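The values are calculated or read from the model by the stated rules, or taken from the named source; none is laboratory data. This is a predicted model, so every value here is computed, not measured. Cβ: placed from backbone, ideal geometry, glycine included. Neighbour counts: every protein chain shown. Areas reflect the complete protein model, heavy atoms only, side chains present, ligands, DNA and RNA absent. Shrake-Rupley method; radii C 1.70, N 1.55, O 1.52, S 1.80 Å.
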Amino acid sequence: MSLDALLKQAAQRLQAAGSTSPRVDAEVLMCHVLERDRTWLYTWGDKMCSSQEHSRFDALIDARAQGTPVAYLTGAREFWGLRLATSPNTLIPRPDTETLVELALSRATLPTGRLLDLGTGTGAIALAFASEQPDWQVLGVDVRDEAVELAANNAKALVITNAHFLLSDWFSALESDAEAGTLFDIIVSNPPYIAADDPHLAEGDVRFEPRSALVANADGMADLLHLVQSARHYLTASGWLLLEHGYTQAEKVRMALSSAGYQNVESVRDLGGHERVTLGRLITAT
């Protein structure tokens, strides 16, 4: 069977299974099997697929039809133009989070500085920023050993040398550094912000992602509020805190930042038009 015929058949199956992007999913999985890019696939769609390739492709389509995220099936996802290895132990990097990277870069007005990425996961945010600001020092922390190892491996594969990763429950491993005066010019985070009873947890790719990276107490606000308060002790004078959050949480995050003494507080919309990132500046570090 030709590649085009296989793709058409697979896309029909994925559409019936509820995929929102059946043809794209099928093409990405086929490219993974063939170790080719999609341009090659469009050019050589009339080529025949070997029996071994056919079997591998069918197995991946079976798994995708059951809901397994494409990023977990291929073991990779592109973010900010960077190819990142992924794992079921971490969240899948999403395009909306690039808004957080854009805002962090726009606040990096000095030629050198330090950025902290809390809950780094694959290292997506930290590595995207580090790739654009090679003279800045970037630290990503995560509470999971698997995430720290994955992020470090992504940095190595991308030859990004100004980003490093550390095991830490939020700021816990940084306490001695803060006491010694080692502070950050920018702190960013995409923390857990989904309420435990949110119906979206039973839909789409989220079903397969680690709940510890998704769910927070207090209707999804617990970690956001903790970071607003704690970050004040790790920011330089005039340092920025940028937080990704749910599309209904912007007002609460703005109020929390303002109450904690941050200035220039604002929320910024993502690619879908939702208020997705809220930021504030701590004019006087405490």
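Details
- Value of D in µm² per second that Stokes-Einstein yields for segment 1-87, Kirkwood Rh from Cα pairs, at 37 °C (0.692 mPa s): 251 µm²/s
- Relative contact order [Cα under 8 Å, 6+ residues apart], the chain, whole percent: 14 percent
- Equivalent-ellipsoid semi-axes for segment 80-187 (Cα gyration tensor, √(5λ), whole Å, largest first): 20, 18, 12.
- Per-residue 3J(HN,Hα) values for segment 260-276, derived from phi via the Karplus relation 6.51 cos²θ - 1.76 cosθ + 1.60 with θ = phi - 60°, read 8, x, 6, 10, 6, 6, 7, 10, 10, 7, 8, 4, x, x, 8, 5, 10 Hz in sequence order (x marks Gly and Pro).
- Surface calculation, 1.4 Å probe, protein heavy atoms: Y247 sits at approximately 130 Å² accessible.
- Here's how it looks for F184: its modeled amide H is under 5 Å from those of L235, T236, which are all 5 or more places away or on a different chain.
- Taking every protein chain into account, the accessible area of the chain amounts to 47 square angstrom per residue (probe 1.4 Å).
- Taking the charge dipole of segment 1-155 about its Cα centre, with +1 at Lys and Arg Cβ atoms and -1 at Asp and Glu Cβ atoms, the residue from L6, A59, V138 reaching farthest to the positive side is L6.
- Dipole of the chain [Lys/Arg +1, Asp/Glu -1 at C-beta], most positive-end residue of G280, T90, V70: V70
- Surface share of carbon and sulfur [accessible, 1.4 angstrom probe, percent] for the chain: 49 percent
- Rounded to the nearest 20 debye, the dipole size of the chain about its Cα centre is 400 debye, using +1 on the Cβ of Lys and Arg and -1 on the Cβ of Asp and Glu.
- Put E27, E146, E35, E98 in order of accessible area, highest first, and with a 1.4 Å probe you get E35, E146, E98, E27.
- Across the alpha-carbon set of the chain, the Rg to Rh ratio works out to 1.02, Rh being the Kirkwood radius.
- Placing +1 on the Cβ of every Lys and Arg and -1 on the Cβ of every Asp and Glu, with nothing else charged, gives segment 193-286 a dipole about its Cα centre of roughly 420 debye.
- Eigenvalues of the alpha-carbon gyration tensor of segment 138-286, scaled by 5 and square-rooted, set the equivalent ellipsoid semi-axes at 24, 22, 14 angstrom, largest first.
- Between 0 and 90 degrees, the angle of helix 145-158 with respect to the longest Cα principal axis of the chain falls at about 70 degrees.
- With respect to the chain, whose longest principal axis is taken over its alpha-carbon atoms, helix 250-259 is tilted by about 20°.
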